[in-house]
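The values are calculated or read from the model by the stated rules, or taken from the named source; none is laboratory data. Here the structure is a predicted model, which is why all the values come from computation and not from measurement. Counting neighbours? That spans all protein chains shown, and the Cβs are built from the backbone with ideal geometry, glycine included. With ligands, DNA and RNA removed, areas are computed over all heavy atoms of the protein, side chains included. Shrake-Rupley method; radii C 1.70, N 1.55, O 1.52, S 1.80 Å.
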Amino acid sequence: MSASQIPPATAVPGDDVPTLLVKIFGKDRPGITAGLFDTLAAYSVDVVDIEQVVTRGRIVLCALITAPAAGADGASEGGLRATVHSWADSLNLQAEIISGRGDNRPRGTGRSHITVLGHPLTAECTAAITAAITSCGGNIDRIFRLAKYPVTAVEFAVSGAATDALRSVLAPEAALLGVDVAVVSAGLQRRAQRLVVMDVDSTLIQDEVIELFAAHAGCEAEVAEVTAQAMRGELDFEQSLHARVALLAGLDASVVEKVRKEVRLTPGARTLVRTLKRLGYQVGVVSGGFTQVTDALQEELGLDFAAANTLEIVDGKFTGKVTGEIVDRAGKARLLRSFAHQAGVPLAQTVAIGDGANDLDMLNTAGLGVAFNAKPVVREAAHTAVNVPFLDTVLYLLGITREEVEAAETHVG
């Protein structure tokens, strides 16, 4: 039978069509779902909706069905109720059957996914977040746990409120509660292949590369102070870059290999990149650091794109200068656009991750900007913030579960 031949009254019941909500509770075991629908099949009912969840070995199974037509063969609503209760009792399950009419009420306009990351996620935080959703006129349609470690990640499907309104209310609430909350619009684009572009220093890696070079040049303290001022937005990035690089003049270029070995990936970085790649995402980095390190990271992690500044080397020594166009705050946003164009991905489907003030333009240009363990000025301006030290938690903001991550890791291994 083609879709056009399906009787509309049975495919999508109108508000006047009698329906029954059958709810089953109890200890989970194989065969419960099959058993319920085998029981219902004797009454020639149509299935309108199904929901099932298992938590700590306890099942809640809900089936919305059309009410059976009364007939001489006993296929009545009363008979169905008695049969379902008898079946449930035989398995030490509880059953509840509620009469009504039609399907579920339509979801409100404006649909969003709200991801909450807690370490731990407390009842107090959950109460505050859900109350904030309600205060915006939002209705929670579904709740799903994405991960239980290294953080607890829970996703709320919400309707009835605009995404921007939810974000503006939940962001300050999350900051007060000490949890991370991401609000993104629902829709097909969330499942589409995307481009993820990351900052490098203190994001993809734990280090500030120029400080690693500075340690070999004996000027680490001076460079670190200038770096901190730039990341806080107190200094122009390009000026600070030239000032720091000038301190490296005369350093032997052989330290490049040493610095590459000293670089420490952020916990979860390898998992993040590998999982995204297996899902068909394209991944890139843009850095105010140096190609002498990012080129090696690109090769090691299999990144699709990489751009950074380049330290000038003459006769085997650093000159204290950089060559080519500077990758600064505006440059990072420009490179994000360029990468997206090359990847054939609309900007709305890009994700940018960074921690410093020079990442702000990139974070605001992307469809989703994630401030990762960022400075206050960055957390306040980004779409969302992640304040746990695990970079792979960004996967949860994309609706990817921990189980899917582990399955990908097992397949790779």
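Summary table
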read-out	value
Residues within segment 91-125 that are touching a helix residue (DSSP H, G or I) at 6+ places or on another chain (Cβ under 9 Å) and farther than 21 Å from Leu170 by Cα, tallied	6
Index of the failed condition, Ala69 passing every other in (1) touching a Cys at 6+ places or on another chain (Cβ under 8 Å); (2) assigned to a loop (DSSP other than H, G, I, E, B)	(1)
In segment 310-332, residue least open to solvent (accessible area, probe 1.4 Å) [restricted to those that are of a type outside the set (Asp, Glu) and farther than 15 Å from Glu238 by Cα]	Phe318
Qualifying residue in segment 355-362 (condition: at pLDDT 90 or above and open to solvent by 40 Å² or more (accessible area, probe 1.4 Å))	yes
Close pairs from segment 234-256: first within 15 Å of Asn358 (Cβ to Cβ), partner part of a helix (DSSP H, G or I) and open to solvent by less than 50 Å² (accessible area, probe 1.4 Å), Cβ under 6 Å, at least 6 apart	Phe237/Ala230; Phe237/Asn358; Ser240/Val226; Ser240/Ala230; Ala243/Val226; Arg244/Ile210; Arg244/Val223; Arg244/Val226
Residues that are of a type in the set (S, T, N, Q) and open to solvent by 10 Å² or more (accessible area, probe 1.4 Å), drawn from segment 273-286	Gln282
Subset of segment 285-334 that is under 25 Å from the mean Cα position of the chain (by Cα) and of a type in the set (Lys, Arg) - its residue that is farthest from Ile353 (Cα to Cα)	Arg334
Every residue from segment 244-272 that is hydrophobic (A, V, I, L, M, F, W, C), assigned to a helix (DSSP H, G or I) and surrounded by 18 or more Cβ atoms within 10 Å (Cβ to Cβ)	Val245, Val255, Val256, Val259, Ala269, Leu272
Pairs with Cβ under 8 Å, 6+ apart, first in segment 22-41 and modelled with pLDDT of 95 or more, second among the polar types (S, T, N, Q) and open to solvent by less than 60 Å² (accessible area, probe 1.4 Å)	Thr39/Thr83
Selected residue (only one of Thr66, Thr19, Thr33, Thr39 is of a type outside the set (Asp, Glu), touching a Gly at 6+ places or on another chain (Cβ under 6 Å) and surrounded by 14 or more Cβ atoms within 10 Å (Cβ to Cβ))	Thr19
Number of the exception - Asn92 against (1) surrounded by fewer than 16 Cβ atoms within 10 Å (Cβ to Cβ); (2) touching a Pro at 6+ places or on another chain (Cβ under 7 Å); (3) modelled with pLDDT of 90 or more	(2)
Residue match in segment 287-300 (condition: surrounded by fewer than 17 Cβ atoms within 10 Å (Cβ to Cβ), of a type outside the set (Lys, Arg) and within 23 Å of Ala215 (Cα to Cα))	yes
